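Quick notes on the structure that follows.
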Amino acid sequence: MPDYREQAWSQVERMADSVNAEDERRVHENLDRKLHEAKRQGALAQLLDQVRTLYALLRDPDFRIPTRAKALLVAALLYFIMPFDVIPDLFLGIGFLDDAVVIGIVLKLVTSTIEDYRRFRARRPATP
């Protein structure tokens with residue numbers, strides 16, 4: 001029987017294969033609420049920072065994200081906002097373990113895109 005990490009990643013891979021504009025809209029509409037809820041439930045600050053990094057990359061209209069990287073970002077963020085995933089977020093203390101695994105895997109898979117984004121932001125003129 002696969003463990004929770006394999007189950008969570010398998011679910012995200014399936015989601016990434018069919019990501020669409022509606023999924024991206026759901027992320028935009030629900031992520032702030034979910035971050036607040038996760039913080040209130042004691043999710044690790046590092047996880048929340050990683051989610052914010054992925055979201056900043058996704059929402060910047062001036063940065064072009066490779067198609068597969070974007071699908072993985074949207075799928076991982078959708079997984080994060082789902083309350084009933086492999087380990088339901090309602091379980092205090094452990095409910096975000098699977099979310100942390102998924103976010104960590106996606107961060108590793110899109111490392112070069114994140115580095116490109118950081119360089120892009122560093123070159124972009126500051127807005128007044």
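Do we find that residue 97 is of a type in the set (A, V, I, L, M) and modelled with pLDDT of 80 or more in this structure?
So residue 97 does not fit the description; no.
Name the residues in segment 1-31 that are modelled with pLDDT of 85 or more, of a type in the set (Asp, Glu) and in a helix (DSSP H, G or I), would you?
Scanning segment 1-31 gives 13, 22, 23, 24, 29.
Filter segment 70-82 down to residues that are without any contact (Cβ under 8 Å) to a residue 60 or more places away in the chain and in a helix (DSSP H, G or I) and give me whichever is nearest to residue 22 (Cα to Cα).
74
Can you find even one residue in segment 43-53 that is touching a residue at least 60 places away in the same chain (Cβ under 8 Å) and either under 20 Å from residue 105 (Cα atoms) or part of a loop (DSSP other than H, G, I, E, B) (or both)?
Yes - at least one qualifying residue is present in segment 43-53.
Filtering segment 41-64 down to residues that are among the polar types (S, T, N, Q) and surrounded by fewer than 19 Cβ atoms within 10 Å (Cβ to Cβ), which residue is nearest to the chain's Cα centre (by Cα)?
53
Among the candidates 38, 21, which residue alone is surrounded by fewer than 14 Cβ atoms within 10 Å (Cβ to Cβ) and either over 21 Å from residue 97 (Cβ atoms) or not charged (D, E, K, R) (or both)?
21
What is the one condition in (1) in contact (Cβ under 8 Å) with a residue 60 or more places away in the chain; (2) not in a loop (DSSP other than H, G, I, E, B) that residue 35 does not satisfy?
(1)
Residue by residue through segment 59-69, note down the ones that are in a helix (DSSP H, G or I) and either farther than 20 Å from residue 35 by Cβ or of a type in the set (S, T, N, Q) (or both).
The answer is 67, 68, 69.
The values are calculated or read from the model by the stated rules, or taken from the named source; none is laboratory data. Because the structure is predicted, anything quoted here is derived from the model rather than measured. Glycine gets a Cβ as well: all are built from the backbone with ideal geometry, and neighbour counts include every protein chain shown.
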